[in-house]
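Asks: Following this message is one structure expressed as structure tokens.
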Amino acid sequence: MSDNEQQMILSRGRAAFLGLALGDALGATTEFMLPAEIRAAYQIHNRIIGGGWLGVKAGQVTDDTEMSLALGRAVVDSGGWNLQQIADYFVAWMRSKPIDIGATVRKGLRTYLHQGTLEMPLNEWDAGNGAAMRMCPVALASYGSDDLLKRYTLEQAHLTHHHPLSDAGCLCIGRMLHTALAGGDRFALHELTRQLVKQHPNFRFNNYNGQASGYIVDTLRTVFHFLFTTADFEECLVGVVNQGGDADTTGAIAGMIAGALYGEESLPQAWLKKLNRTVRTDIEQLTPQLLDLAPAFNQTD
């Protein structure tokens, strides 16, 4: 891999991780709102202003970004993938009394805390988006290896979510990130969604119905619809979060994929200036450290 290729991947990796945080901070304002309520309150919500049901400060992030940072720190501090360390870092985060934590996440982490289990049993009610929102650091640490991506994805997902649709959605996000980091275009990303839909037809999004709940199918149908019907990062993110529903997580997932696709230069400067400075610094430090742990990133020509 040439220096230029490494720099491109690193830049797109930063854009993906920052995009996650920007989508989280933007979507926190409209989480659990209906599109009509968003239009009545903001006409169109396109600025990072905080508020929402959590009462966040402008630029503050929620569990989507916080869990992604915790996962990334655990991997870097371990010098590689260590599932128990990831679980320990998640528990430490839970004990810090975060502003928000999903019920399925809490159940999984409390089970690990009290029983030491690193995998929740298969559960038909675990098809939420809580494992999918953490996929950015997973994709960075496994860059260039689909085998590592699959292993890391399923291990981290099953700490809290064990369901075939969650698994499939997480893997699709990871493969989209790998493809975009390598310079893949919208057509390459669309092909990955076609493969997902072929495997699980309920993810089909060509007749999008506007549902943007925390159910992994609704989440990814929302993300894919706006990713492929918009022309840039900002338009994609604004479209997603104005659907309301689980807007911080749909925004976070759309942000990581669109960030990797469109690159750092696509991230709105006004949004970056609003983003919590500590979060931005942490992301900019963790991204190269995670990529350095991916075997393919340090391969030389």
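The values are calculated or read from the model by the stated rules, or taken from the named source; none is laboratory data. Because the structure is a prediction, the values reported are computed rather than measured. All Cβ positions, glycine included, derive from the backbone under ideal geometry; neighbour counts span all protein chains shown.
Asks: Please verify whether Asp185 is over 23 Å from Arg73 (Cα atoms), at pLDDT below 95 and more than 13 Å from the chain's Cα centre (by Cα), treating the condition exactly as stated.
Replies: No.
Asks: Quickly run through segment 120-132 and pick out the residues that are among the acidic types (Asp, Glu) and either modelled with pLDDT of 95 or more or surrounded by fewer than 14 Cβ atoms within 10 Å (Cβ to Cβ) (or both).
Replies: Across segment 120-132, the qualifying residue is only Glu124.
Asks: Also: Can you go through Ala270, Ala252, Ala294 and tell me which one is touching a residue at least 24 places away in the same chain (Cβ under 8 Å) and within 16 Å of the chain's Cα centre (by Cα)?
Replies: Going through Ala270, Ala252, Ala294 in turn, the sole match is Ala252.
Asks: Also, I was wondering about something else. Mind checking whether some residue in segment 222-243 is crowded, with 23+ Cβ neighbours inside 10 Å and within 15 Å of Leu10 (Cα to Cα)?
Replies: Taking every residue of segment 222-243 in turn, none turns out to be crowded, with 23+ Cβ neighbours inside 10 Å and within 15 Å of Leu10 (Cα to Cα).
Asks: Given the criterion out of contact with any Lys or Arg (no Cβ under 8 Å at 6 or more places or on another chain), within 22 Å of Thr153 (Cα to Cα) and among the acidic types (Asp, Glu), identify the matching residue among Asp248, Asp185, Asp232.
Replies: Numbers: Asp185 fails: within 22 Å of Thr153 (Cα to Cα); Asp232 fails: within 22 Å of Thr153 (Cα to Cα).
The conditions single out Asp248.
Asks: Moving to a separate point now. Test Asn209 against the stated conditions and say whether it is modelled with pLDDT under 95 and among the polar types (S, T, N, Q).
Replies: Considered against the rule, which asks whether it is modelled with pLDDT under 95 and among the polar types (S, T, N, Q), Asn209 comes out as yes.
Asks: While we're here: Of everything in segment 288-297 that's in a helix (DSSP H, G or I) and modelled with pLDDT of 95 or more, which residue is surrounded by the most Cβ atoms within 10 Å (Cβ to Cβ)? Show your work before the answer.
Replies: First, pick out the residues of segment 288-297 that are in a helix (DSSP H, G or I): 288-292, 295-297.
Next cut, modelled with pLDDT of 95 or more only: 288-292.
Details: Pro288: 16, Gln289: 17, Leu290: 25, Leu291: 22, Asp292: 14.
The selected residue is Leu290.
Asks: Here is a further query. Hey, among the residues in segment 189-200 that are out of contact with any Ser or Thr (no Cβ under 7 Å at 6 or more places or on another chain) and closer than 16 Å to His225 by Cβ, which one's surrounded by the fewest Cβ atoms within 10 Å (Cβ to Cβ)?
Replies: In this case the residue turns out to be Arg194.
Asks: Kindly indicate the residue of segment 23-40 that is in contact with a Lys or Arg (Cβ under 9 Å, 6 or more places away or on another chain) and among the hydrophobic types (A, V, I, L, M, F, W, C) and also farthest from Ala141 (Cα to Cα) among those meeting that condition.
Replies: Checked segment 23-40; the qualifying residue farthest from Ala141 (Cα to Cα) is Leu26.
Asks: To continue, here is another question. Got a sec? Which helices (runs of 4 or more DSSP H) wholly within segment 1-119 have at least 2 residues that are crowded, with 18+ Cβ neighbours inside 10 Å and aromatic (Phe, Trp, Tyr)?
Replies: 83-95
Asks: Out of segment 269-287, which residues are surrounded by 17 or more Cβ atoms within 10 Å (Cβ to Cβ) and more than 17 Å from Arg12 (Cβ to Cβ)?
Replies: Hits for segment 269-287 are Trp271, Lys274, Leu275, Asn276, Val279, Asp282.
Asks: For segment 133-154, which residues satisfy the criterion of being touching a Leu at 6+ places or on another chain (Cβ under 7 Å) and either surrounded by fewer than 19 Cβ atoms within 10 Å (Cβ to Cβ) or in a loop (DSSP other than H, G, I, E, B) (or both)?
Replies: Ser142, Tyr143, Lys150 - these are the residues of segment 133-154 that are touching a Leu at 6+ places or on another chain (Cβ under 7 Å) and either surrounded by fewer than 19 Cβ atoms within 10 Å (Cβ to Cβ) or in a loop (DSSP other than H, G, I, E, B) (or both).
Asks: Going by the conditions given, is Glu31 of a type in the set (Asp, Glu) and in contact (Cβ under 8 Å) with a residue 40 or more places away in the chain?
Replies: yes
Asks: Separate question: Which pairs have Cβ atoms under 9 Å, sit 6 or more apart or on different chains, and link a residue in segment 193-204 that is over 14 Å from Thr219 (Cβ atoms) to one that is surrounded by fewer than 18 Cβ atoms within 10 Å (Cβ to Cβ) and polar (S, T, N, Q)?
Replies: Listed by first residue and then by second, the contacts come to Val197/Asn206.
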